[in-house]
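Colleague: Okay, handing you the structure first.
The values are calculated or read from the model by the stated rules, or taken from the named source; none is laboratory data. As the structure is a computational prediction, the values presented were derived from the model and not from experiment. Reconstructed Cβ throughout: ideal geometry from the backbone, glycine too, with neighbour counts over all protein chains shown.
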């Protein structure tokens with residue numbers, strides 16, 4: 001009789017837990033795990049793209065240079081609400097020195113990063129799973145990952161208050177390319 005009650009109770013607790021999870025099963029190793037209502041997790045992603053920078057002057061003249069590698073830094077703030085997760089998306093201005101300033105985020109975000117909010121939306125389950133997958137796929141960054149060269153890595157910092165992970169993402173996995181492209 002007590003074994004039946006135990007399995008019945010276990011089954012109810014599994015159903016309740018699965019209903020509370022917005023992105024399926026969030027592993028306990030994730031910084032999104034057991035996120036309280038009103039709290040947030042910040043994902044910073046720095047990746048290098050080859051681009052031509054153009055400047056528009058006040059007189060209407062457009063100046064452009066030659067293709068260079070630029071560091072693009074994006075910030076995603078995932079905020080737990082009552083029945084969903086909200087997301088604010090920010091970008092930073094281009095930087096000609098890939099990843100040079102990225103390691104400083106371990107301490108705190110600086111004003112000179114000049115993040116500008118681009119969008120505010122409610123990500124769907126597939127988009128939330130992108131964040132979970134990158135957190136799982138990434139490997140811990142080591143000192144050689146901060147070298148500035150043609151092999152500069154795609155990096156991800158995930159922060160929840162004083163807890164953080166700094167990960168290297170092997171491959172071309174860029175959050176803004178994996179979630180809604182309307183941003």
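Colleague: Counting only residues that are at pLDDT 65 or above and crowded, with 17+ Cβ neighbours inside 10 Å, which one in the range 89-101 is farthest from residue 50 (Cα to Cα)?
Modeller: So, considering only residues that are at pLDDT 65 or above and crowded, with 17+ Cβ neighbours inside 10 Å, the one farthest from residue 50 (Cα to Cα) is 89.
Colleague: Now for a different question. Tell me which residues, restricted to the range 48-77, are in contact (Cβ under 8 Å) with a residue 40 or more places away in the chain and touching a strand residue (DSSP E or B) at 6+ places or on another chain (Cβ under 6 Å).
Modeller: As a first pass, look at the range 48-77 and keep what is in contact (Cβ under 8 Å) with a residue 40 or more places away in the chain: 48, 51, 53, 69, 71, 73-76.
48, 51, 69, 71, 73, 74, 75, 76, listed by residue number.
Colleague: If you go through the range 78-87 one residue at a time, how many are outside any loop (DSSP other than H, G, I, E, B) and in contact (Cβ under 8 Å) with a residue 60 or more places away in the chain?
Modeller: Of the range 78-87, the ones outside any loop (DSSP other than H, G, I, E, B) are 78-80, 85-87.
Filter again for in contact (Cβ under 8 Å) with a residue 60 or more places away in the chain, leaving 85.
The qualifying residues number 1.
Here is a yes/no grid of residues against (1) at pLDDT 85 or above; (2) in a strand (DSSP E or B):
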position	(1), (2)
108	no, no
117	yes, yes
129	yes, no
135	yes, no
149	no, no
157	yes, yes
176	yes, no
181	no, no
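Colleague: Out of 33, 76, report the one residue that is surrounded by fewer than 18 Cβ atoms within 10 Å (Cβ to Cβ), closer than 27 Å to residue 141 by Cβ and at pLDDT 85 or above.
Modeller: Working: 76 fails: surrounded by fewer than 18 Cβ atoms within 10 Å (Cβ to Cβ).
After ruling out the rest, the residue left standing is 33.
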